[in-house]
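What follows draws every value from the coordinates through simple rules; no lab data is involved. These figures come from a predicted structure and were not determined experimentally. A quick note on method: Cβ atoms are made from the backbone with ideal geometry, for glycine too, and the neighbour counts reach across all protein chains shown.
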Ligand SMILES: O=C(O)CCC(=O)C(=O)O
C-alpha cells in the first residue's frame, strides 16, 4: 500500500493490477453477473443509457460542444432487461454508461466491495458522493477523449476494454474544448485515435502527444490518476466495469497533479492569448510575458517519467 501511494498516487502515474478483483476476494460479481442473473435481479429497473452512436461505436459528439451547447450525448430511458437483450446486437445501440449502482441498480450492491473495503482507498480523499459507478457495454462501444477532476479505480468485471491514456502535461497537444461541462473533453476525433490514426486534419499536434495504450481484462484494476486524459473502447463482446471515484488526497495538493491540472487551464490561456483580437495584431508586453511564463511552465513538465 505504501508503494502504491508513494510510487503511483503521489506521482500521479497510472498502474494496472492484474487479477485484483477475484470472486473469493470480495468480488462475487466477477463470477455471478451472467446475463441471466442480471435479468433476474435487475431486469425490472429503468435506466438512462447513452444512445445514437456515431462512427465506430463512439457515443457522444464533441463537435457539438461550444456556442452554449453542453450536451454531447443523446440519452434514452430503457428497461434494463431490454437493454441486456440489446447487448447481443452486432453493433452497439446503447451504452449503459455512468450508472450509479446504489441508486439505479441497488440489488447489485452486495456483489461488490464498498469504498471502505478497498485497501487502495487509503491513498485518496473522500469517495464520490454518487457512489460506485457501473458501465455496461455491448462490445466495441467507445467514450471520447476527456479527463475528470477525480481519482479513479477501475475494475473490469466482465469482458475487456482498451484505454488510451495521456499525461495531463500533453493537454496542449490534445485540443481541449473550452466548454466546461464538469468533465473536460478533447475536440480530437477519438474514433480515429482509438484505431491508431493520429493524422486527422486540423489536429496535427496529437502526433506530439505520448500515448499509453492498455487493455484491461476480467479481474484487472486500473488506477487512472486525476486529470489524465483517456479515451475508452470495449473489445469484442459485452463488458462491464465498476469505477470507484475519489477526491484527491490532501497530501497530494503539493504534488505534480495539482500543477498538471492548472496546466490544462494554461493551455487554454495560451490559445486565448494567441487568438485574441488585438489592435494591429500586436501582442501587448503584458500578454507576451504571460504567454512566456505559461509556456515555460508547460515545458517544465515535459520531463516526467512513466510508471511501470
Ligand atoms: O469506460 C468508459 O467507457 C469510460 C470510463 C470513464 O471515462 C471514466 O471512468 O472516467
inquiry  = What FRET efficiency comes out for residue 178 versus residue 51 if R0 is 22 angstrom and r is the Cβ-Cβ distance? Round to the nearest 0.05.
reply    = 0.25
inquiry  = Explain nothing, just the number: relative contact order of region 2-251, from Cα pairs under 8 Å at least 6 residues apart, as a whole percent.
reply    = 29
note = Packing-ranked peptide list from 152-164, 17-29, 85-97, 219-231, highest mean Cβ count within 10 angstrom first, is 219-231, 152-164, 85-97, 17-29
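Between residue 204 and residue 69, what is the FRET efficiency for a Förster distance of 25 Å, r being their Cβ-Cβ separation, to the nearest 0.05?
0.45
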remark   = Shape call for region 118-199, from the Cα gyration tensor axes a ≥ b ≥ c (a/c under 1.5 means rounded, otherwise prolate when a/b beats b/c, else oblate), comes out oblate
key: At R0 = 35 Å, FRET efficiency that the Cβ-Cβ distance of residue 82 and residue 129 yields, to 0.05   = 0.75
task = List the relative contact order of region 33-99 as a percent without decimals, with contacts defined as Cα pairs under 8 Å and 6+ residues apart.
result = 42
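Convex hull over the alpha-carbon atoms of region 2-251: what's its volume per residue in Å³?
Convex hull of Cα atoms, per residue: 123 Å³.
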Simple label model, 7 Å out from Cα along Cβ direction - residue 90 to residue 122, nm = 5.2
task = Compute the length gained on full extension between residue 100 and residue 211: take 0.36 nm times their separation in residues and subtract their Cα-Cα distance, giving the result in nm to one decimal.
result = 37.0 nm
request  = Specify the inter-centroid distance of region 15-55 and region 88-112, based on alpha-carbon positions, in whole Å.
outcome  = 6
